[in-house]
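Visitor: Before anything else, here's the structure in question.
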There are 2 protein chains.
Amino acid sequence: MRLFIGEIFPDRAELRADEIHHIIKVLRMNDNEEIYVTDGKGKWVGGKLRLKGKKAEVEILEIFPQEPLSERILHIAIAPTKSLERFEFFLEKSVELGVSEITPLISVNSERKNLNLEKMQKQLENACKQSLRVLFPRLNPLTPLKDFMEKNAENQLFVAHCYQEYEKISLKKVFGNQKNITILIGPEGDFSKHELELLLSQGATGVDLGKNRLRTETAGIFTVAGFYYSHL
Amino acid sequence: MRLFIGEIFPDRAELRADEIHHIIKVLRMNDNEEIYVTDGKGKWVGGKLRLKGKKAEVEILEIFPQEPLSERILHIAIAPTKSLERFEFFLEKSVELGVSEITPLISVNSERKNLNLEKMQKQLENACKQSLRVLFPRLNPLTPLKDFMEKNAENQLFVAHCYQEYEKISLKKVFGNQKNITILIGPEGDFSKHELELLLSQGATGVDLGKNRLRTETAGIFTVAGFYYSHL
């Protein structure tokens with residue numbers, strides 16, 4: 001099943017320009033081929049590709065039920081890794097495993113303080129298409145930790161960290177008790193002690209990811225995997 | 001904490017030749033630096049680096065308790081992905097998250113039928129060192145599915161697959177009931193129907209990894225993550 005992105009109308013779907021390019025120039029799909037289209041907001045349809053020169057439309061043959069908003073929300077705020085490849089891998093895996101929202105964070109120890117958000121958004125969409133997610137997760141711009149805390153002052157925050165001297169609860173407990181969860185994951189070298197104390201003083205709860213020493217992107221993937229696992 | 005591989009004697013540790021090269025030529029570590037050594041079989045010590053020309057030894061200052069064999073064993077038999085990078089990522093993540101044994105499988109639909117085992121072993125060791133695993137998981141050679149089944153004829157096998165028409169149990173149930181678990185994960189395009197029927201006819205149990213369509217390496221990482229999560 002091949003899923004593409006576009007706008008869905010009652011009778012037809014209009015593919016996004018870059019998707020048309022991909023369909024014609026890269027995949028070299030033929031007129032009349034079976035194709036699926038989503039708007040990324042939970043709507044999706046199946047139909048036939050209608051090619052007219054450089055234009056491509058979809059004749060709708062099947063309308064699927066709107067994907068409902070999940071009752072369980074997982075927002076991961078994570079400092080991007082020095083290696084972009086590792087962060088991209090986190091992005092792809094967490095989308096496949098059902099993350100709801102991602103905020104790339106800037107922390108004192110961040111080794112990466114820039115991101116090509118457009119490229120990331122494209123990778124997120126590709127992962128959605130591949131895994132048939134028709135309700136796309138939200139990707140926010142790179143945000144300094146303090147700004148993130150201000151924006152989320154109303155939310156209960158959870159922070160995964162490696163410091164032994166502060167109380168932590170198990171990830172399992174977090175997923176068992178909460179439905180709308182925001183978890184922060186620090187950079188290589190973790191959040192600074194000052195950052196952690198700031199978070200804790202403003203009501204954040206420390207989270208323990210078990211005894212193994214996990215890389216930043218592994219901590220992120222594991223957190224989303226645990227979320228997915230906990231509602232198998 | 002920097003962990004290296006070597007042989008451990010009562011009074012000293014001898015680093016492996018490639019580790020000495022890495023310490024001297026790449027990391028340019030100094031005489032007297034703090035260093036940790038494991039034999040990969042559960043033994044590990046801390047001490048001081050003693051450099052003598054092209055030789056390097058470790059004077060032991062601290063002996064840690066032998067890491068006990070885990071009571072819970074997870075063996076993943078997985079068909080390597082077409083993209084080597086994706087398979088390497090699975091390898092690294094599953095080592096970090098505590099896999100016990102990996103067998104790369106050849107199945108009818110396998111897109112990759114060769115692997116540089118030596119390179120993989122090196123990557124496995126690097127992941128162990130990074131995540132401070134002193135009991136290295138075992139990496140087996142690429143094995144055709146039928147040979148794997150013969151070798152494991154005595155073991156209860158679990159097979160993760162995407163076919164809807166065969167009974168499956170949840171991964172959660174597998175981890176809840178068993179301590180010594182072998183899970184098979186098919187290639188892009190899954191096991192063939194014939195392969196699956198062969199497995200089921202010989203007593204394997206189908207496993208469900210939830211409703212998302214996961215890539216091969218994601219299915220592998222998720223399975224190990226679920227194992228790790230289930231005993232947080």
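Visitor: Can you list which of the GluC sites (Glu not before Pro) found in region A:167-201 are DSSP loop residues with at most 15 other C-beta atoms within 10 Å?
Guide: A:GLU167
Visitor: At B:LEU198 and A:GLU111, where each label point lies 7 Å from the Cα along Cα→Cβ, what is the point-to-point distance in nanometres?
Guide: The two pseudo-label positions are separated by 4.4 nm.
Visitor: Please list, in order along region A:2-16, the HN-Hα scalar couplings obtained from phi with the Karplus expression 6.51 cos²θ - 1.76 cosθ + 1.60 (θ = phi - 60°), rounded to whole Hz, x for Gly and Pro.
Guide: Going residue by residue, I get 10, 10, 10, 10, x, 9, 10, 10, x, 9, 8, 10, 9, 6, 5 Hz, with x marking Gly and Pro.
Visitor: So which of A:LYS82/A:LYS122; A:LYS93/B:LYS122; A:LYS93/A:LYS113; A:LYS113/B:LYS172; A:LYS119/A:LYS179; A:LYS119/B:LYS93 end up more than 27 Å apart, counting from Cα to Cα?
Guide: Those over the limit are A:LYS113/B:LYS172; A:LYS119/A:LYS179.
Visitor: Here's something else I'd like to know. With a 10 Å Cβ neighbour count serving as the proxy for reagent exposure, in which order, fewest first, do A:SER201, A:SER192 appear? Kindly include the intermediate steps, with their values, before the conclusion.
Guide: Numbers: A:SER201 8, A:SER192 15.
The order, fewest Cβ neighbours first, is A:SER201, A:SER192.
Visitor: What is the set of long-range amide H partners of A:ILE73 at a cut-off below 5 Å, with H atoms built 1.01 Å from backbone N?
Guide: Under 5 Å from the amide H of A:ILE73 lie the amide H atoms of A:ASN180, A:ILE181, each far enough along the sequence or on another chain.
Visitor: Sticking with this structure for a sec: Would you mind calculating the relative contact order of region B:3-63 from Cα pairs under 8 angstrom and at least 6 residues apart, reporting the percent as a whole number? Can you show the working numbers first?
Guide: Numbers: 118 pairs, mean separation 21.4, N = 61.
Answer for region B:3-63 is 35 percent.
Visitor: Using modelled backbone amide H atoms (1.01 Å from N, in-plane), which distant-in-sequence or interchain residues come within less than 5 Å of B:ARG112's amide H?
Guide: Excluding prolines and chain starts, which carry no amide H, there are no hits.
Visitor: Please compute the contact order of region B:73-230 in relative form: average sequence separation of alpha-carbon pairs under 8 Å and at least six residues apart, divided by the residue count, as a percent.
Guide: Averaging sequence separation for qualifying contacts and normalising by length gives 34 percent for region B:73-230.
Visitor: Where both partners of a DSSP beta bridge lie in chain A, what percent of those bridges are antiparallel, to the nearest 5?
Guide: 45 percent
Visitor: From the Cα gyration tensor of region A:38-99, with a ≥ b ≥ c the square roots of its eigenvalues, which class applies: rounded if a/c is under 1.5, or else prolate if a/b is larger than b/c, or else oblate?
Guide: Oblate, because a/c is 1.5 or more while a/b does not exceed b/c.
Visitor: Students often forget the sequence filter, so: which aspartates and glutamates lie under 14 Å Cα-Cα from A:LYS55 once same-chain residues fewer than 8 apart are removed?
Guide: Within reach: A:GLU14, A:ASP18, A:GLU19, A:ASP31.
Visitor: Let me ask something else about it. Search the structure for amide H atoms under 5 Å from the amide H of B:TYR163, placed 1.01 Å from N in the peptide plane, and list their residues when 5 or more places away or on another chain.
Guide: none
Visitor: Restricting the count to DSSP beta bridges whose residues both fall in region A:40-104, what percent are antiparallel, rounded to a multiple of 5?
Guide: Among the beta bridges of region A:40-104, antiparallel pairing accounts for roughly 65 percent.
Visitor: Using the 7 Å Cα-to-Cβ label point, sort the distances from B:LYS55 to its equivalents in the other copies shortest first and give them in nm to one decimal.
Guide: Distances to the matching label points in the other copies: 8.2 nm.
Visitor: Set the Förster distance to 30 Å, then compute FRET efficiency between B:GLU150 and B:ARG213 from the Cβ-Cβ distance, nearest 0.05.
Guide: After rounding to 0.05, the efficiency reads 0.45.
Visitor: Return the sequence-ordered ³J(HN,Hα) values of region A:193-208 in whole Hz as given by the Karplus equation 6.51 cos²θ - 1.76 cosθ + 1.60 applied to θ = phi - 60°, using x for Gly and Pro.
Guide: After applying 6.51 cos²θ - 1.76 cosθ + 1.60, I find 4, 4, 4, 4, 5, 4, 4, 5, 5, 9, x, 5, 10, x, 10, 9 Hz.
Visitor: Please list 3J(HN,Hα) in residue order for region A:85-100, calculated via the Karplus relation 6.51 cos²θ - 1.76 cosθ + 1.60 where θ = phi - 60°; whole Hz, with x for glycine and proline.
Guide: Karplus-based 3J(HN,Hα) across region A:85-100 equals 4, 5, 5, 4, 5, 4, 4, 4, 5, 6, 5, 4, 8, x, 4, 9 Hz.
Read-outs: derived from the displayed coordinates by stated rules, not from any lab. Quantities reported herein were computed from a predicted structural model and do not represent experimental measurements. No Cβ is skipped: glycine too gets one built from the backbone with ideal geometry, and neighbour counts run over all protein chains shown.
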